[in-house]
Amino acid sequence: MVNCFEHCGELKIVEERFKLETERLIRSWMRYDRATLHDYLVEDVEDPRINIQSILTRHFLIERLFGEQFDALMEQELRFGLVMNWLLRLLKKPVNAGQLQAVLGTLLAEEDNAEGLEIPSYISETFSTLRLPNYICDLLNWTPVETTEAPVPEYLMSTFQAIWHEVLVSEPPQNISVLEPACGSANDYRFIESFGIARLLDYTGFDLCEKNIRNSKQMFPEARFKVGNALDIDAEDNAFDYCFVHDLFEHLSIEAMEVAISEICRVTRQDICIGFFNMHDSDQHIVKAVDDYHWNKLSVGRTKAILERHVSGVQVIHIDKFLASKFGCGDTHNKDAYTFIIRK
Ligand SMILES: C[S@@+](CC[C@H](N)C(=O)[O-])C[C@H]1O[C@@H](n2cnc3c(N)ncnc32)[C@H](O)[C@@H]1O
(Lines give C-alpha, C1' and ligand atoms only; values in the text may rest on other atoms or scores of the structure.)
Protein backbone atom coordinates (compact mmCIF):
# COMPACT_ATOMS: atom_id res chain seq x y z
CA MET A 1 0.00 0.00 0.00
CA VAL A 2 1.17 3.51 -0.71
CA ASN A 3 0.64 5.31 2.56
CA CYS A 4 3.56 5.72 4.98
CA PHE A 5 2.74 5.50 8.65
CA GLU A 6 5.19 4.95 11.46
CA HIS A 7 3.46 2.16 13.30
CA CYS A 8 2.79 -1.18 11.69
CA GLY A 9 -0.50 -1.51 13.57
CA GLU A 10 -1.68 1.81 12.21
CA LEU A 11 -0.61 0.87 8.67
CA LYS A 12 -2.70 -2.28 8.82
CA ILE A 13 -5.79 -0.35 9.92
CA VAL A 14 -5.32 2.18 7.12
CA GLU A 15 -4.87 -0.59 4.55
CA GLU A 16 -8.10 -2.22 5.63
CA ARG A 17 -9.91 1.10 5.55
CA PHE A 18 -8.91 1.83 1.95
CA LYS A 19 -9.66 -1.74 1.00
CA LEU A 20 -13.21 -1.23 2.17
CA GLU A 21 -13.44 2.19 0.51
CA THR A 22 -12.11 0.68 -2.73
CA GLU A 23 -14.72 -2.08 -2.64
CA ARG A 24 -17.44 0.50 -2.09
CA LEU A 25 -16.14 2.69 -4.93
CA ILE A 26 -16.15 -0.30 -7.28
CA ARG A 27 -19.72 -1.07 -6.24
CA SER A 28 -20.75 2.55 -6.84
CA TRP A 29 -19.75 2.49 -10.50
CA MET A 30 -20.31 -1.16 -11.33
CA ARG A 31 -24.04 -0.76 -10.56
CA TYR A 32 -24.44 1.05 -13.91
CA ASP A 33 -24.74 -0.95 -17.11
CA ARG A 34 -22.12 -0.54 -19.81
CA ALA A 35 -24.39 1.47 -22.11
CA THR A 36 -25.07 4.04 -19.37
CA LEU A 37 -21.37 4.31 -18.49
CA HIS A 38 -20.60 4.78 -22.17
CA ASP A 39 -22.86 7.82 -22.53
CA TYR A 40 -23.86 9.55 -19.34
CA LEU A 41 -20.76 11.73 -18.87
CA VAL A 42 -20.43 12.88 -22.46
CA GLU A 43 -23.89 14.33 -22.94
CA ASP A 44 -25.30 17.86 -22.92
CA VAL A 45 -23.08 20.24 -20.89
CA GLU A 46 -20.70 17.34 -20.15
CA ASP A 47 -19.96 16.78 -23.84
CA PRO A 48 -16.15 17.18 -23.93
CA ARG A 49 -16.39 19.05 -27.23
CA ILE A 50 -18.09 21.96 -25.45
CA ASN A 51 -17.37 21.40 -21.75
CA ILE A 52 -14.95 24.16 -20.72
CA GLN A 53 -12.92 21.94 -18.37
CA SER A 54 -12.47 19.26 -21.03
CA ILE A 55 -11.43 21.97 -23.50
CA LEU A 56 -8.90 23.28 -20.94
CA THR A 57 -7.51 19.77 -20.48
CA ARG A 58 -6.99 19.38 -24.23
CA HIS A 59 -5.33 22.80 -24.23
CA PHE A 60 -3.09 21.65 -21.38
CA LEU A 61 -1.91 18.80 -23.63
CA ILE A 62 -1.59 20.99 -26.73
CA GLU A 63 0.51 23.51 -24.77
CA ARG A 64 2.80 20.70 -23.57
CA LEU A 65 3.21 19.60 -27.18
CA PHE A 66 3.45 22.96 -28.95
CA GLY A 67 3.98 25.77 -26.41
CA GLU A 68 2.14 28.97 -27.40
CA GLN A 69 1.82 28.15 -31.09
CA PHE A 70 -1.96 27.59 -31.00
CA ASP A 71 -2.99 30.23 -28.42
CA ALA A 72 -5.31 32.07 -30.85
CA LEU A 73 -7.09 28.87 -31.87
CA MET A 74 -7.45 27.83 -28.24
CA GLU A 75 -9.15 31.14 -27.43
CA GLN A 76 -11.57 30.63 -30.33
CA GLU A 77 -12.35 27.12 -29.10
CA LEU A 78 -13.22 28.45 -25.62
CA ARG A 79 -15.52 30.97 -27.30
CA PHE A 80 -17.12 28.12 -29.26
CA GLY A 81 -17.73 26.28 -25.97
CA LEU A 82 -19.46 29.36 -24.54
CA VAL A 83 -21.61 29.85 -27.65
CA MET A 84 -22.67 26.19 -27.63
CA ASN A 85 -23.51 26.23 -23.92
CA TRP A 86 -25.58 29.38 -24.39
CA LEU A 87 -27.40 27.85 -27.36
CA LEU A 88 -28.12 24.61 -25.49
CA ARG A 89 -29.61 26.63 -22.63
CA LEU A 90 -31.73 28.59 -25.11
CA LEU A 91 -32.98 25.39 -26.76
CA LYS A 92 -34.21 24.08 -23.40
CA LYS A 93 -36.69 26.98 -23.25
CA PRO A 94 -39.68 27.15 -25.56
CA VAL A 95 -38.02 28.76 -28.56
CA ASN A 96 -38.79 28.30 -32.24
CA ALA A 97 -36.81 28.48 -35.45
CA GLY A 98 -38.11 31.99 -36.19
CA GLN A 99 -36.70 33.27 -32.89
CA LEU A 100 -33.32 31.71 -33.61
CA GLN A 101 -33.26 33.40 -36.98
CA ALA A 102 -34.19 36.67 -35.26
CA VAL A 103 -31.08 36.19 -33.08
CA LEU A 104 -29.01 35.81 -36.23
CA GLY A 105 -30.56 38.93 -37.77
CA THR A 106 -29.77 40.85 -34.58
CA LEU A 107 -26.15 39.67 -34.60
CA LEU A 108 -25.78 40.64 -38.27
CA ALA A 109 -27.22 44.07 -37.48
CA GLU A 110 -24.73 44.40 -34.59
CA GLU A 111 -27.57 44.89 -32.12
CA ASP A 112 -28.10 43.14 -28.79
CA ASN A 113 -31.84 42.50 -28.39
CA ALA A 114 -33.65 39.91 -30.50
CA GLU A 115 -37.39 40.38 -30.01
CA GLY A 116 -36.94 40.71 -26.25
CA LEU A 117 -34.11 38.19 -25.95
CA GLU A 118 -30.95 39.83 -24.65
CA ILE A 119 -27.87 38.53 -26.47
CA PRO A 120 -24.86 38.33 -24.12
CA SER A 121 -21.87 40.42 -25.19
CA TYR A 122 -19.60 37.34 -25.41
CA ILE A 123 -21.90 35.97 -28.14
CA SER A 124 -21.88 39.16 -30.25
CA GLU A 125 -18.12 39.64 -29.67
CA THR A 126 -17.45 36.07 -30.80
CA PHE A 127 -19.71 36.56 -33.82
CA SER A 128 -17.78 39.69 -34.80
CA THR A 129 -14.44 37.81 -34.67
CA LEU A 130 -15.65 35.25 -37.26
CA ARG A 131 -15.85 35.60 -41.01
CA LEU A 132 -19.25 35.19 -42.69
CA PRO A 133 -20.82 32.67 -43.00
CA ASN A 134 -19.70 30.95 -39.79
CA TYR A 135 -20.72 28.25 -37.32
CA ILE A 136 -23.00 30.63 -35.41
CA CYS A 137 -24.97 31.32 -38.63
CA ASP A 138 -25.26 27.56 -39.16
CA LEU A 139 -26.31 26.95 -35.55
CA LEU A 140 -29.07 29.55 -35.72
CA ASN A 141 -30.31 28.35 -39.13
CA TRP A 142 -30.26 24.55 -38.81
CA THR A 143 -33.41 24.11 -36.74
CA PRO A 144 -36.24 22.35 -38.55
CA VAL A 145 -39.17 24.73 -39.04
CA GLU A 146 -41.15 25.44 -35.85
CA THR A 147 -39.27 23.04 -33.61
CA THR A 148 -35.98 23.04 -31.77
CA GLU A 149 -36.36 19.53 -30.40
CA ALA A 150 -33.86 17.87 -32.71
CA PRO A 151 -30.33 17.75 -31.27
CA VAL A 152 -27.69 20.08 -32.66
CA PRO A 153 -26.25 18.22 -35.68
CA GLU A 154 -23.02 16.34 -35.06
CA TYR A 155 -21.08 18.26 -37.69
CA LEU A 156 -21.78 21.52 -35.83
CA MET A 157 -20.95 20.04 -32.42
CA SER A 158 -17.70 18.86 -33.98
CA THR A 159 -16.70 22.20 -35.51
CA PHE A 160 -13.43 22.41 -33.55
CA GLN A 161 -12.80 18.69 -33.80
CA ALA A 162 -12.55 19.17 -37.57
CA ILE A 163 -10.34 22.25 -37.19
CA TRP A 164 -7.89 20.66 -34.72
CA HIS A 165 -7.74 17.47 -36.71
CA GLU A 166 -6.79 19.40 -39.83
CA VAL A 167 -4.27 21.62 -38.01
CA LEU A 168 -2.52 18.70 -36.29
CA VAL A 169 -2.69 16.07 -39.01
CA SER A 170 0.83 16.60 -40.32
CA GLU A 171 2.52 17.07 -36.93
CA PRO A 172 4.92 14.26 -35.99
CA PRO A 173 4.34 12.30 -32.73
CA GLN A 174 6.40 13.41 -29.72
CA ASN A 175 7.96 11.40 -26.96
CA ILE A 176 5.49 12.44 -24.27
CA SER A 177 3.71 10.05 -21.90
CA VAL A 178 0.39 11.01 -20.33
CA LEU A 179 -1.58 9.27 -17.58
CA GLU A 180 -5.31 9.64 -16.97
CA PRO A 181 -6.57 8.10 -13.71
CA ALA A 182 -10.37 7.56 -13.49
CA CYS A 183 -10.70 7.76 -17.27
CA GLY A 184 -14.29 6.43 -17.26
CA SER A 185 -15.36 4.99 -20.62
CA ALA A 186 -12.64 6.96 -22.45
CA ASN A 187 -14.90 9.96 -21.91
CA ASP A 188 -12.25 12.55 -22.67
CA TYR A 189 -9.91 10.24 -24.54
CA ARG A 190 -12.42 9.66 -27.35
CA PHE A 191 -12.17 13.36 -28.21
CA ILE A 192 -8.44 13.60 -27.54
CA GLU A 193 -8.31 10.91 -30.20
CA SER A 194 -10.80 12.40 -32.68
CA PHE A 195 -9.21 15.86 -32.36
CA GLY A 196 -5.91 14.35 -33.55
CA ILE A 197 -4.05 14.81 -30.24
CA ALA A 198 -3.80 11.18 -29.07
CA ARG A 199 -1.57 10.06 -31.91
CA LEU A 200 0.98 12.72 -30.90
CA LEU A 201 1.55 11.29 -27.41
CA ASP A 202 1.71 8.05 -25.47
CA TYR A 203 -1.53 7.77 -23.45
CA THR A 204 -2.43 5.43 -20.57
CA GLY A 205 -5.84 5.49 -18.93
CA PHE A 206 -7.05 3.50 -15.93
CA ASP A 207 -10.26 3.21 -13.98
CA LEU A 208 -11.45 1.21 -11.00
CA CYS A 209 -14.61 0.15 -12.83
CA GLU A 210 -13.95 -2.79 -15.11
CA LYS A 211 -17.03 -2.07 -17.27
CA ASN A 212 -15.55 1.32 -18.13
CA ILE A 213 -12.31 -0.31 -19.21
CA ARG A 214 -14.17 -2.85 -21.35
CA ASN A 215 -16.03 0.03 -23.03
CA SER A 216 -12.78 1.93 -23.59
CA LYS A 217 -10.98 -1.10 -25.05
CA GLN A 218 -13.91 -1.87 -27.30
CA MET A 219 -13.81 1.66 -28.71
CA PHE A 220 -10.00 1.87 -28.89
CA PRO A 221 -8.42 -1.61 -29.06
CA GLU A 222 -5.03 -0.07 -29.88
CA ALA A 223 -4.91 2.33 -26.92
CA ARG A 224 -3.65 1.46 -23.40
CA PHE A 225 -6.53 1.16 -20.91
CA LYS A 226 -6.43 -0.91 -17.74
CA VAL A 227 -8.25 -1.51 -14.49
CA GLY A 228 -6.43 0.32 -11.71
CA ASN A 229 -6.81 2.14 -8.41
CA ALA A 230 -5.82 5.78 -7.89
CA LEU A 231 -5.11 4.89 -4.25
CA ASP A 232 -2.36 2.53 -5.30
CA ILE A 233 -1.16 3.33 -8.81
CA ASP A 234 0.60 0.48 -10.54
CA ALA A 235 3.58 2.49 -11.85
CA GLU A 236 7.11 3.51 -10.90
CA ASP A 237 7.90 6.96 -9.51
CA ASN A 238 7.94 9.58 -12.32
CA ALA A 239 6.77 6.97 -14.84
CA PHE A 240 4.71 9.55 -16.79
CA ASP A 241 5.59 13.02 -18.07
CA TYR A 242 2.11 14.44 -17.54
CA CYS A 243 -1.16 13.53 -15.91
CA PHE A 244 -4.72 14.77 -16.13
CA VAL A 245 -7.76 13.72 -14.14
CA HIS A 246 -11.39 14.86 -14.00
CA ASP A 247 -14.11 14.54 -11.37
CA LEU A 248 -12.51 11.95 -9.11
CA PHE A 249 -11.45 13.56 -5.82
CA GLU A 250 -14.91 14.72 -4.68
CA HIS A 251 -15.98 11.06 -4.66
CA LEU A 252 -13.24 9.90 -2.22
CA SER A 253 -13.02 10.24 1.55
CA ILE A 254 -10.65 13.09 2.48
CA GLU A 255 -8.02 10.57 3.66
CA ALA A 256 -8.28 8.62 0.41
CA MET A 257 -8.13 11.85 -1.59
CA GLU A 258 -4.82 12.70 0.12
CA VAL A 259 -3.46 9.29 -0.80
CA ALA A 260 -4.67 9.61 -4.41
CA ILE A 261 -3.05 13.05 -4.69
CA SER A 262 0.26 11.75 -3.36
CA GLU A 263 0.06 8.80 -5.76
CA ILE A 264 -0.62 10.99 -8.79
CA CYS A 265 2.25 13.31 -7.82
CA ARG A 266 4.53 10.31 -7.26
CA VAL A 267 4.04 8.83 -10.73
CA THR A 268 4.09 12.15 -12.66
CA ARG A 269 7.40 13.76 -13.59
CA GLN A 270 6.19 17.18 -14.73
CA ASP A 271 2.76 18.86 -14.93
CA ILE A 272 -0.69 17.76 -13.80
CA CYS A 273 -4.10 19.10 -14.79
CA ILE A 274 -6.97 18.37 -12.37
CA GLY A 275 -10.64 19.14 -13.01
CA PHE A 276 -12.86 19.45 -9.93
CA PHE A 277 -16.64 19.77 -10.19
CA ASN A 278 -17.50 20.64 -6.60
CA MET A 279 -15.26 23.10 -4.75
CA HIS A 280 -15.72 26.22 -2.72
CA ASP A 281 -13.62 29.10 -1.54
CA SER A 282 -13.71 28.17 2.13
CA ASP A 283 -11.12 26.71 4.46
CA GLN A 284 -13.26 23.66 5.30
CA HIS A 285 -14.13 20.64 3.20
CA ILE A 286 -17.81 19.71 3.36
CA VAL A 287 -17.84 15.93 3.61
CA LYS A 288 -20.96 14.22 2.32
CA ALA A 289 -21.20 10.45 2.20
CA VAL A 290 -23.78 9.26 -0.35
CA ASP A 291 -24.54 5.53 -0.44
CA ASP A 292 -21.21 3.80 -1.06
CA TYR A 293 -19.13 6.84 -2.02
CA HIS A 294 -18.75 10.57 -1.39
CA TRP A 295 -20.02 13.74 -2.95
CA ASN A 296 -17.79 16.20 -1.11
CA LYS A 297 -17.48 19.91 -1.57
CA LEU A 298 -13.74 20.46 -1.36
CA SER A 299 -12.02 23.48 0.09
CA VAL A 300 -9.91 25.19 -2.58
CA GLY A 301 -7.29 26.28 -0.03
CA ARG A 302 -6.98 22.92 1.72
CA THR A 303 -6.80 20.95 -1.50
CA LYS A 304 -4.16 23.33 -2.81
CA ALA A 305 -2.20 22.95 0.45
CA ILE A 306 -2.29 19.13 0.14
CA LEU A 307 -0.93 19.40 -3.39
CA GLU A 308 1.77 21.86 -2.32
CA ARG A 309 3.26 19.17 -0.07
CA HIS A 310 4.26 17.37 -3.26
CA VAL A 311 4.73 20.00 -5.98
CA SER A 312 6.32 23.39 -6.57
CA GLY A 313 3.38 25.36 -8.01
CA VAL A 314 -0.41 25.19 -8.21
CA GLN A 315 -2.38 27.51 -10.49
CA VAL A 316 -6.03 27.66 -9.44
CA ILE A 317 -8.60 28.44 -12.16
CA HIS A 318 -12.13 29.11 -10.93
CA ILE A 319 -13.96 28.41 -14.20
CA ASP A 320 -16.75 30.92 -13.50
CA LYS A 321 -14.33 33.76 -12.63
CA PHE A 322 -11.98 32.87 -15.47
CA LEU A 323 -14.79 33.05 -18.07
CA ALA A 324 -16.14 36.26 -16.55
CA SER A 325 -12.78 38.01 -16.63
CA LYS A 326 -11.66 36.70 -20.04
CA PHE A 327 -14.94 36.84 -21.97
CA GLY A 328 -17.43 38.74 -19.79
CA CYS A 329 -19.44 35.52 -19.47
CA GLY A 330 -21.56 35.40 -16.31
CA ASP A 331 -23.66 32.31 -16.92
CA THR A 332 -21.49 29.21 -16.58
CA HIS A 333 -23.54 26.13 -15.73
CA ASN A 334 -21.41 25.06 -12.74
CA LYS A 335 -20.20 27.83 -10.45
CA ASP A 336 -18.35 25.25 -8.32
CA ALA A 337 -16.03 23.99 -11.07
CA TYR A 338 -12.27 24.52 -10.74
CA THR A 339 -9.30 23.41 -12.78
CA PHE A 340 -5.84 23.23 -11.17
CA ILE A 341 -2.71 23.34 -13.31
CA ILE A 342 0.14 21.93 -11.27
CA ARG A 343 3.89 22.14 -11.82
CA LYS A 344 5.93 19.55 -10.06
C1 LIG B 1 -17.48 10.98 -12.07
S2 LIG B 1 -16.62 9.73 -12.93
C3 LIG B 1 -15.52 10.67 -13.96
C4 LIG B 1 -15.06 9.91 -15.17
C5 LIG B 1 -14.22 10.75 -16.14
N6 LIG B 1 -12.96 11.16 -15.52
C7 LIG B 1 -14.99 11.95 -16.61
O8 LIG B 1 -14.70 13.07 -16.17
O9 LIG B 1 -15.91 11.79 -17.43
C10 LIG B 1 -15.55 9.09 -11.71
C11 LIG B 1 -14.74 7.92 -12.22
O12 LIG B 1 -13.77 7.60 -11.25
C13 LIG B 1 -13.61 6.20 -11.21
N14 LIG B 1 -13.00 5.92 -9.89
C15 LIG B 1 -13.55 6.06 -8.67
N16 LIG B 1 -12.66 5.77 -7.71
C17 LIG B 1 -11.52 5.41 -8.34
C18 LIG B 1 -10.24 4.99 -7.91
N19 LIG B 1 -9.95 4.85 -6.61
N20 LIG B 1 -9.30 4.71 -8.84
C21 LIG B 1 -9.57 4.82 -10.16
N22 LIG B 1 -10.77 5.22 -10.63
C23 LIG B 1 -11.74 5.52 -9.74
C24 LIG B 1 -15.02 5.69 -11.39
O25 LIG B 1 -15.04 4.34 -11.80
C26 LIG B 1 -15.55 6.65 -12.45
O27 LIG B 1 -15.28 6.17 -13.75
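Return only the number of the condition from (1) surrounded by 15 or more Cβ atoms within 10 Å (Cβ to Cβ); (2) in a loop (DSSP other than H, G, I, E, B) that Arg131 does not satisfy.
Result: Arg131 passes all but (1).
Collect the residues in the range 238-266 that are more than 13 Å from the ligand (Cβ to nearest atom) and either closer than 20 Å to Gly184 by Cα or among the hydrophobic types (A, V, I, L, M, F, W, C) (or both), keeping them in residue-number order.
Ala239, Phe240, Tyr242, Ile254, Cys265, listed by residue number.
So for the range 317-326 (the condition being within 30 Å of Glu236 (Cα to Cα) and either of a type outside the set (Lys, Arg) or crowded, with 21+ Cβ neighbours inside 10 Å (or both)), does at least one residue qualify? Spell out the reasoning first.
Taking the range 317-326 first, the residues within 30 Å of Glu236 (Cα to Cα) are 317.
Imposing the further condition that a residue be either of a type outside the set (Lys, Arg) or crowded, with 21+ Cβ neighbours inside 10 Å (or both) reduces the set to 317.
Yes, that holds for at least one residue.
Might you let me know whether the range 281-289 holds any residue that is surrounded by 15 or more Cβ atoms within 10 Å (Cβ to Cβ) and out of contact with any Leu (no Cβ under 9 Å at 6 or more places or on another chain)? Before you say what the answer is, go through the steps one by one.
First, the residues of the range 281-289 that are surrounded by 15 or more Cβ atoms within 10 Å (Cβ to Cβ): 285.
Still in the list and also out of contact with any Leu (no Cβ under 9 Å at 6 or more places or on another chain): none.
Checked the range 281-289: no residue is surrounded by 15 or more Cβ atoms within 10 Å (Cβ to Cβ) and out of contact with any Leu (no Cβ under 9 Å at 6 or more places or on another chain).
Please specify each residue of the range 16-44 satisfying the condition of being at pLDDT 95 or above, more than 8 Å from the ligand (Cβ to nearest atom) and hydroxyl-bearing (Ser, Thr, Tyr).
Within the range 16-44, Tyr32, Thr36 qualify.
Regarding the range 214-237, can at least one residue be identified that is within 11 Å of the ligand (Cβ to nearest atom), within 19 Å of Gly313 (Cβ to Cβ) and not basic (Lys, Arg)?
no
Could you list, ordered by first residue, the pairs with Cβ atoms under 6 Å in which the first is in the range 121-146 and not assigned by TED's automatic domain parsing to the domain that holds Leu90 and the second is modelled with pLDDT of 90 or more and hydroxyl-bearing (Ser, Thr, Tyr), at least 6 apart or interchain?
none
Does Ala260 qualify as being small (Gly, Ala, Ser) and either more than 14 Å from Ile342 (Cβ to Cβ) or at pLDDT below 95 (or both)? First the steps, then the outcome.
Numbers: small (Gly, Ala, Ser): yes; either more than 14 Å from Ile342 (Cβ to Cβ) or at pLDDT below 95 (or both): no.
No; evaluated as a whole, the condition is false for this residue.
Give the residue that is surrounded by the fewest Cβ atoms within 10 Å (Cβ to Cβ), with candidates limited to residues of the range 147-185 that are free of Cβ contacts under 8 Å to residues at least 12 places away in the same chain and aliphatic (A, V, I, L, M).
Residue satisfying both the conditions and the ranking: Ala150.
For the subset of the range 93-128 comprising residues that are in a strand (DSSP E or B) and not aliphatic (A, V, I, L, M), which member is surrounded by the most Cβ atoms within 10 Å (Cβ to Cβ)?
So the first thing to find is which residues in the range 93-128 are in a strand (DSSP E or B), and the list is 113-114, 117-118.
With the extra rule that they be not aliphatic (A, V, I, L, M), the set shrinks to 113, 118.
Working: Asn113: 11, Glu118: 9.
The residue in question is Asn113.
Need the failing condition index for Asp188 against (1) touching a residue at least 60 places away in the same chain (Cβ under 8 Å); (2) near the ligand (Cβ under 8 Å from one of its atoms); (3) under 23 Å from Glu21 (Cβ atoms), just the number.
Going through the list (1) touching a residue at least 60 places away in the same chain (Cβ under 8 Å); (2) near the ligand (Cβ under 8 Å from one of its atoms); (3) under 23 Å from Glu21 (Cβ atoms), Asp188 breaks only (3).
The values are calculated or read from the model by the stated rules, or taken from the named source; none is laboratory data. From a predicted model like this one, the values you see are computed outputs, not experimental measurements. No Cβ is skipped: glycine too gets one built from the backbone with ideal geometry, and neighbour counts run over all protein chains shown.
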